[in-house]
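**Student:** Submitted below is the structure of interest, expressed as structure tokens.
Here, each number is a calculation from the coordinates, and none is a lab measurement. Given the structure is predicted, the values throughout are model-derived calculations rather than measurements. Cβ atoms come from the backbone with ideal geometry, glycine included; neighbour counts cover every protein chain shown.
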Amino acid sequence: MKHLRFFLITLITTVILIFTGCTDDYRTTTSPHYRLNFSEDTISFDTVFTSIATPTSQLKLYNRHKFGLRFDAYLAGGDKSPFKINIDGNSGHSFHDMEIRNNDSLYCFVSANLNKLNHASPQPVCDSIIFMLESGTQQQVILMAYGQDVIIYKGKTIISDTILSAEYPYYVYDSLVVTENAELTLQPGVQLYFHNNAKLVIDGKITAAGTVDSLIHFRGGRTDKLFDDLPYDLLSDQWQGIHITSSSYGNSFEYCDIRNGNFGIKADSSDTELLKLSILSSKIHNTTGNALQLTNCYTETANSLIANAGGNCININGGIHRFTFCTIANFYLWGMRSESVFITNKGNEIPYPLQNAEFTNCIITGTSSNEFATSLSDSINGDTIAVSQYKISHSLVLTSDTTNNAFEKCVFDNPDASISGIKQFKHIADGDYCFDFRLDSLSSARNIADKAQVVYYLKDIDDIARPTDTSPDAGCYQYR
């Protein structure tokens, strides 16, 4: 009998504790003193291309009180709003009888899909999420985006001479292909955005002629951020790259910015008596693979920055190539990387004669102990011929091969010196993701270039005049 009484008392006590413990979880308040808290008071999207859905942004709702809060939530713009919200797994424009228990939270996800704005420049598009609490208290979170009309290409093939103007940006899905006998001309200021894994393929010819004040941009299509301080634009592998095939000649890129692809420009084998590719006052940077991959062709590159590649900044397999006043620097952040420059005449299982590769008034450096590497053979298919001709002159080079006869009047960067690698430049990712390859005042690249070349390149990539009476600085930037 005593055992039964003890059991009943224990059971009743347990039931009381259970119900008492759960009471606060389910008790809500209608007092206007209790309000929701939000992780953000404004959800902002950077440039949003019209008719292309944005990635999703996250808003967290908090109830930091001892009572539960009930509320309705809706978009002020109603079902005509270009924004869409998802609260607690439910998607739509309005929600009723939502509840957050005491000291709890829930997620709200926000996306946007803007209609065409019929305006060349970005336009602000705003809305808000209204939260109406059971108490009658109204709260809101602002939604803002800058809408940009865009011309969309999906598997676009250009079969005749075509000029693209800079009035609207272009967004490329899958591929943009220029066929043989067709020329694509890009006017100053053109912006080409490429969706994930999209590419530009040139079987014909491309002429991309920007200006110092109106660059032509080739970049990935994501305009949002991975983290608050890391835009996707700073990440590599956002698209494929520019592929110039064997049938293509006479291509030119002037004042262009080519960035964040799997590769930058890849030029296939072709007749080395014809100029295949000319690059002037341009930037090719932040690629997962090779930034500039040149296979048995004739190319000229000047006044340009080729930087930060998971592969090589410049990868040469045979052919004829000239680089003048170029900054070639590898400080790639996103994984393993190779040398800044790699030259071979036997790559890809197909041997190609290296007829000539010249680097004049250049900077070749990075974080490795050796940023200039070769893998060359003095014979191809048993024939002993001149197949490995290269020269580096009046340049700053980080290399362990300082006795190489191919180096002429060069200054050698030294990893053990007080001024080397990143210290040659204004700013190289010091706690952030930013790079400024303009020269530091103490840089070893200052006043070492051959002034005989200045007559061809009187100004640097930023339109700063080079001196004609004294030795200018090596690389694409003249110190100022």
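**Student:** Based on DSSP H runs of at least 4 residues, each adding -39500 (n - 2.57), what is the mean residue ellipticity at 222 nm of the chain after dividing by all its residues, to the nearest 500 deg cm²/dmol? Don't jump to the answer; show the numbers that get you there.
**Tutor:** Details: 1 runs with 25 residues, N = 480.
Result for the chain, helices only: -2000 deg cm²/dmol.
**Student:** Return a whole-number percent for the relative contact order of the chain, with Cα pairs under 8 Å and 6 or more residues apart as the contact set. Don't skip to the end; give the middle numbers.
**Tutor:** On the way: 1379 pairs, mean separation 35.7, N = 480.
Relative contact order of the chain: 7 percent.
**Student:** Less than 15 Å Cβ to Cβ from L439, Lys/Arg counted +1 and Asp/Glu -1: what total charge do the surrounding residues give?
**Tutor:** Details: positive: K423, K426, R438, R446, R466, R480; negative: D413, D436, D440, D460, D462, D473.
Result for the neighbourhood of L439: 0.
**Student:** If the cut-off is 13 Å between C-alpha atoms, which aspartates and glutamates fall inside it for K346, apart from same-chain ones fewer than 8 positions away?
**Tutor:** Filter leaves D378.
**Student:** So what are the stretch 151-259's ellipsoid semi-axes, whole angstrom, largest first, if each one is the square root of 5 times an eigenvalue of the alpha-carbon gyration tensor?
**Tutor:** Details: eigenvalues 108, 49, 30 Å².
Calculated on Cα positions only, the semi-axes equal 23, 16, 12 Å.
**Student:** Using only alpha carbon positions, build the gyration tensor of the stretch 330-440, then give the equivalent ellipsoid semi-axes as the square roots of 5 times its eigenvalues, largest first, whole angstrom. Please report the intermediate quantities before stating the final value.
**Tutor:** Working: eigenvalues 179, 54, 23 Å².
Output for the stretch 330-440: semi-axes of 30, 16, 11 Å.
**Student:** Within 15 Å, Cβ to Cβ, of S471, how many net charges do the neighbouring residues add up to if Lys/Arg are +1 and Asp/Glu are -1?
**Tutor:** Numbers: positive: K409, R446, K451, R466; negative: E408, D450, D460, D469, D473.
Charge balance near S471 sits at -1.
**Student:** Stokes-Einstein at 10 °C, 1.306 mPa s, Kirkwood radius from Cα pairs: D for the stretch 272-380 in µm² s⁻¹? Let's see the in-between values first.
**Tutor:** Numbers: Rh = 13.7 Å.
This corresponds to a translational diffusion coefficient of 116 µm²/s.
**Student:** Compactness ratio of the stretch 189-244: Cα Rg over 2.2 N^0.38 Å, N = residue count? Working shown, then result.
**Tutor:** On the way: Rg = 12.9 Å, N = 56, 2.2 N^0.38 = 10.2 Å.
With N residues counted in the stretch 189-244, Rg over 2.2 N^0.38 Å equals 1.27.
**Student:** Now for a different question. Please state the equivalent ellipsoid semi-axes for the stretch 119-212: what are the square roots of 5 times the Cα gyration tensor eigenvalues, largest first, in whole Å?
**Tutor:** Values: eigenvalues 352, 45, 15 Å².
Ellipsoid semi-axes (Å, largest first): 42, 15, 9.
**Student:** Suppose every Lys and Arg Cβ carries +1 and every Asp and Glu Cβ carries -1, with no other charges. What dipole size does the chain come out with about its Cα centre, to the nearest 20 debye? Show your work: numbers first, answer last.
**Tutor:** Working: 36 positive and 52 negative charges, 269 e Å.
Its charge dipole is roughly 1300 debye.
**Student:** Over the alpha carbons of the stretch 282-340, what is the largest minus smallest coordinate on each principal axis, giving the biggest first in Å?
**Tutor:** Cα extents, longest axis first: 31, 22, 14 Å.
**Student:** Also: Mind pulling the per residue volume of the convex hull built on the Cα atoms of the stretch 37-147? Å³ is fine.
**Tutor:** Details: hull volume 10.0 nm³, N = 111.
Dividing the Cα hull volume of the stretch 37-147 by its residues yields 90 Å³.
**Student:** Here is a follow-up. Once the Cα atoms of helix 2-26 and of the chain are each reduced to a long axis, what angle between those two axes, in degrees from 0 to 90 to the nearest 10, is obtained?
**Tutor:** Long axis of 2-26 versus the principal axis of the chain: about 60 degrees.
**Student:** For the stretch 209-229 and the stretch 327-361, compute the distance between their C-alpha centroids and round to whole Å.
**Tutor:** 26 Å
**Student:** Can you tell me what percent of all Cα-Cα pairs in the stretch 211-354 are more than 18 Å apart? Kindly include the intermediate steps, with their values, before the conclusion.
**Tutor:** Details: 5592 of 10296 pairs.
Roughly 54 percent, once rounded to a whole number.
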